[in-house]
Amino acid sequence: MRLLREANDVFVAFSQTTFKMLIIIRKRFLMLTIFLLWNVTSLLAGQKSFDQKELTNLLGKGVLLLEQKKYSEARHEFRSLTQKDPSFAQGFFTWGSPK
């Protein structure tokens with residue numbers, strides 16, 4: 001019976017970890033999708049191309065800060081991102097992300 005309880009505990013812990021990882025993957029996939037759509041839309045519309053490397057760095061830094069639960073610093077990064085390029089929807093999306 002003890003072995004059965006231990007196996008169940010391991011299964012529950014594994015399930016919880018897997019669920020958390022799936023949530024993180026889903027968030028990152030959504031952010032990447034929005035980022036790619038924004039890039040394609042900008043190219044098709046022939047808009048002036050902003051420094052993509054700088055925008056990507058700001059977005060990555062902000063997302064990392066969000067994951068570290070440094071919300072005020074993350075908001076600052078997203079605010080900077082949206083000021084540099086107001087058409088960058090991903091910046092507004094992540095800026096408004098819940099804690």
Notebook entry, point to check: Going highest first, how would you order 11-24, 59-72 by mean Cβ packing within 10 Å?
Noted result: 59-72, 11-24
Note to self: Let's test the formula: R0 of 22 Å, r as the Cβ-Cβ distance of Asn57 and Leu30. What FRET efficiency results, to the nearest 0.05?
What the structure shows: 0.65
Item checked: Under 18 Å from Lys84, Cα to Cα: aspartates and glutamates that are on another chain or at least 8 residues apart -> Asp51, Glu54, Glu73
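Where a number appears in this text, it was derived from the coordinates with a stated rule and is not lab data. Quick caveat: nothing in here was measured; it's all calculated off a predicted structure. Reconstructed Cβ throughout: ideal geometry from the backbone, glycine too, with neighbour counts over all protein chains shown.
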